[in-house]
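Values in this text are rule-based calculations from the coordinates and carry no lab data. No experiment lies behind these values; they were computed from the predicted model shown. No Cβ is skipped: glycine too gets one built from the backbone with ideal geometry, and neighbour counts run over all protein chains shown.
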Ligand code: NI
Ligand code: MN
């Protein structure tokens, strides 16, 4: 499974012959100005919740990729269907099989209003697994004990993609505890540096994980990571 970081919480995933993008926030992110947004090829667009810094470019990418399907919660899927996009609306605890693998929509503790003020349902995260790997995409969330259910319900998590920027979500110390809860010692940090309140000291955060015997990856925009079972 190939993971490319596109800034903020936007992750591009190539796996099992499919291309996915999670939480596209590119045109509004100065740190992602090198990303050629209209050249992004995707089959699926995963949206963890309705906030602008997660959905900003979803419609644009969906319309550039005629066959792309948006996958989110019920309310967000309805909002995109009304805009002419094809969308699948899951809800918390639900699991569905796709050509790229199995996706489970899991609890996140956050909020989820859509950019025009429409209620975006409950925020969530995704666990995505197939024969290549299992990854947990937390979305925006506080640390929550619900994360302890993930290793009971899903295969061994090989990479946990967790917010580390604090202020709007958990910070890196809470993310380190989250990695215990999901029983995965490799964390890809996201939701950092895009705005002043969530700028963090990278070496301090990486060192903190090291002292706990864990690995925190903080990728540059367009940098890639491979994850395998
Ligand atoms: Ni949010
Ligand atoms: Mn956010």
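Worth a mention:
- Antiparallel DSSP beta bridges within the chain, percent to nearest 5: 55 percent
- Full-extension gain in nm, residue 91 to residue 204, via 0.36 nm per residue minus C-alpha separation: 37.0 nm
- One chain, two ends: residue 78 and residue 180. Fully extended at 0.36 nm per residue, the span grows by 33.2 nm beyond their Cα-Cα distance.
- Here the relative contact order of the chain, from alpha carbon pairs under 8 Å that lie six or more residues apart, stands at 18 percent.
- Gap separating the Cα centres of the range 164-185 and the range 20-93, nearest whole Å: 25 Å
- In terms of its alpha-carbon gyration tensor, the range 68-182 comes out oblate; a/c meets the 1.5 threshold, while b/c is at least as large as a/b.
- Distance (nanometres) between label positions extended 7 Å along Cα→Cβ at residue 168 and residue 220: 2.4 nm
- Gyration tensor verdict on the range 175-229 (Cα atoms; rounded if a/c is under 1.5, prolate if a/b is larger than b/c, oblate otherwise): oblate
- Relative contact order, percent, the range 1-63 [alpha-carbon distance under 8 Å, six or more residues apart]: 31 percent
- Shape call, the chain: gyration tensor on alpha carbons, a/c limit 1.5: rounded
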